[in-house]
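Enquirer: Before anything else, here's the structure in question.
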Amino acid sequence: MDTSAKVAIIGAGLTGLTTAFYLKKAGIRFCVFEKEKRVGGVIQTVSEDGFTYEKGPNSGVISFPETVELLEELASHCSLEIANQLAKKRLVWKGKKWHELPSGLWGGISTPLFSWYDKFRILGEPFRSKGTNPNERLDQLVLRRLGKSFLDYAVDPFVLGIYAGDPSWLVPRFALPKLYNLEQKYGSFIGGSIKKAKEPKSERDKKANRDVFSIKGGLSNLINALQTEIGTENIRFNCDELTVSKETNGTYSVKNGSEDLGTFSKVVSTIGGHAVPSVFPFLAEEKAEKITRMKYAKVVQFSVGFRQWKGIPVNAFGGLVPWKEQRGLLGVLYLSTSFTGRAPEGGALFSVFMGGLRKPEIYDMPENELVEILAREFSAMMGLEHFNPDLLKIHRYAHAIPQYGPESEEKLEAIAVLENEHAGLILAGNVRNGIGMSDRIKQGKEIAENIRITI
Ligand SMILES: Cc1cc2nc3c(=O)[nH]c(=O)nc-3n(C[C@H](O)[C@H](O)[C@H](O)COP(=O)(O)OP(=O)(O)OC[C@H]3O[C@@H](n4cnc5c(N)ncnc54)[C@H](O)[C@@H]3O)c2cc1C
């Protein structure tokens, strides 16, 4: 192995830091270049006045063994926290109140979320024929297999919770590959889930499950752990004019403004798709455009804390608000119910979401108007007479969540062609391979492993 080879990693979010962590373990020299003066990207925990809130993601799902493995390796610096069992309960708003999203047969029959027509129709789901259009949109897939009320009151809120997205835009093959594969591989969501659960799993695969996780004290502790292991000396901060150019000998030169930051044999990009052309000006415009064309949901997230909670009981993970209900919020996460130490005893901490793909205008709204909507909607939905939180913070994201829509196929083809044309260039991050934190960890580890075996 040539350990003198150098890798440039662009972006010190979870993807870039995970890649760096595993490169370091493999003894491969690298440097991380970050635009901001801190690491973590959208992950940022703040502790203030007895509350510990998240500015970005609040929790992840242990969907891949790589997440568990990373946390095992970082165990001396940070501890995994699995959400309270109450977090298994998910709420959906319909009419004038929250309803529990059913998980069992009886709940499925008795819930007012779905129509009787669809409840009977679902009995035929295992016998419906498989879809043939690989670029079918999510709403079409769900209408075909499950019915309108399942689309409106199960899939739409689920998609809001993950993508802040729109089922009529997302393409399941790219956005929800596990769901897509259930139909393609087993012919049915219901039959496929049952068969899949019975399939033997390797010891490694058993590490993955549907548990919701955070890190004790907040997600920034994972980022701090990664930074400690990577070594701050291997991270270059404040690179806000970063460009990468390709030299005639096939290496890549990294500059910040006019400052030369070195030459590297490999470059891993973990930045958003919209930022790729400015950092990599040598990429053919018509191919880079296929990456920038991907839409992002704009999201406004509020951290709302109460020292004494006087609203409805908060004994769930939180609630999502289907688009059909036409309310001002996308959803409310009961952060202090799921994780310990997030609010003072007797108090409560919430993350509340607005905006999303179907309401981008929310992102530009003045603060007073946002707070007005929040006060009205949160009070009505959470049973408060007066909206007087002890903590109220607003976090705005112009490029919160990439939407894997109908452009995905061409985008992935363009990435493959560009990587092929420019040996050593890896265009990664959440432009591909999933948007969740576990997806990011899995991708970062795989990139490092591929570099290790090709160097
Ligand atoms: C509001 C919000 C809520 C979310 N909620 C959840 C959740 O509950 N569960 C979940 O699993 N996931 C959630 N996600 C998604 C998840 O947080 C992200 O997919 C993941 O953290 C992204 O990590 P990343 O490293 O790929 O990207 P980022 O965190 O975006 O990091 C990219 C890094 O690149 C840097 N950068 C950008 N441009 C340049 C440049 N030109 N030069 C140098 N550096 C640059 C950025 O400053 C940043 O540090 C949420 C995301 C947001 C925004």
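The values are calculated or read from the model by the stated rules, or taken from the named source; none is laboratory data. On a predicted model such as this, the values are computed, not experimentally measured, just so you know. Don't worry about glycine lacking a Cβ; one is built from the backbone with ideal geometry, like all the others, and counts go over all protein chains shown. The area values use the complete protein model at the heavy-atom level, side chains included, leaving out ligands, DNA and RNA. Shrake-Rupley method; radii C 1.70, N 1.55, O 1.52, S 1.80 Å.
Enquirer: Mind listing just one residue for me: the one in region 389-417 that is within 12 Å of the ligand (Cβ to nearest atom) and open to solvent by 10 Å² or more (accessible area, probe 1.4 Å) and, of those, farthest from residue 289 (Cα to Cα)?
Expert: Applying the filter and picking the extreme gives 394.
Enquirer: Has region 144-163 got any residue that is away from the ligand (no atom under 16 Å from the Cβ), within 30 Å of residue 53 (Cα to Cα) and surrounded by fewer than 16 Cβ atoms within 10 Å (Cβ to Cβ)?
Expert: no
Enquirer: Now a separate question. Filtering region 427-455 down to residues that are among the hydrophobic types (A, V, I, L, M, F, W, C) and open to solvent by less than 10 Å² (accessible area, probe 1.4 Å), which residue is farthest from the ligand (Cβ to nearest atom)?
Expert: 451
Enquirer: Among the residues of region 1-49, how many are touching a strand residue (DSSP E or B) at 6+ places or on another chain (Cβ under 9 Å), open to solvent by less than 50 Å² (accessible area, probe 1.4 Å) and away from the ligand (no atom under 16 Å from the Cβ)?
Expert: Selection size over region 1-49: 2.
Enquirer: Okay, next question. Answer yes if at least one residue in region 102-117 is surrounded by fewer than 18 Cβ atoms within 10 Å (Cβ to Cβ), hydroxyl-bearing (Ser, Thr, Tyr) and touching a residue at least 24 places away in the same chain (Cβ under 8 Å), and no otherwise.
Expert: Yes, region 102-117 contains at least one residue that is surrounded by fewer than 18 Cβ atoms within 10 Å (Cβ to Cβ), hydroxyl-bearing (Ser, Thr, Tyr) and touching a residue at least 24 places away in the same chain (Cβ under 8 Å).
Enquirer: Turning to a different aspect of this structure: Can you list the helices (runs of 4 or more DSSP H) lying wholly within region 4-116 that have 1 or more residues being within 30 Å of residue 262 (Cα to Cα)?
Expert: 14-25, 65-73
Enquirer: Of the numbered conditions (1) open to solvent by 20 Å² or more (accessible area, probe 1.4 Å); (2) within 15 Å of the ligand (Cβ to nearest atom), residue 81 satisfies every one except a single condition; which is it?
Expert: (1)
Enquirer: With respect to residue 88, is the statement that it is in contact with a Cys (Cβ under 8 Å, 6 or more places away or on another chain), away from the ligand (no atom under 12 Å from the Cβ) and touching a residue at least 24 places away in the same chain (Cβ under 8 Å) true?
Expert: In short, no.
Enquirer: Looking at region 120-143, which of its residues are open to solvent by less than 60 Å² (accessible area, probe 1.4 Å), modelled with pLDDT of 95 or more and within 25 Å of residue 319 (Cα to Cα)?
Expert: 138, 139, 141, 142
Enquirer: Moving on to the next point. Looking at (1) within 28 Å of residue 307 (Cβ to Cβ); (2) free of Cβ contacts under 8 Å to residues at least 40 places away in the same chain; (3) open to solvent by 60 Å² or more (accessible area, probe 1.4 Å), which one does residue 375 not meet, given that it meets all the others?
Expert: The failed condition is (3).
Enquirer: Enumerate the helices (runs of 4 or more DSSP H) found wholly within region 141-212, keeping only those where 3 or more residues are in contact (Cβ under 8 Å) with a residue 60 or more places away in the chain.
Expert: 156-163, 172-175, 189-198
Enquirer: Still on this model: Select from region 50-78 the residues that are of a type in the set (Phe, Trp, Tyr) and open to solvent by 20 Å² or more (accessible area, probe 1.4 Å) and list them in ascending order.
Expert: 64
Enquirer: Follow-up. Take residue 342 and tell me if it is within 16 Å of the ligand (Cβ to nearest atom) and charged (D, E, K, R).
Expert: So residue 342 fits the description; yes.
Enquirer: Working only within region 57-78, note down all residues that are farther than 12 Å from residue 439 by Cβ and out of contact with any strand residue (DSSP E or B) (no Cβ under 7 Å at 6 or more places or on another chain).
Expert: 65, 68, 69, 70, 72, 73, 74, 75, 76, 77
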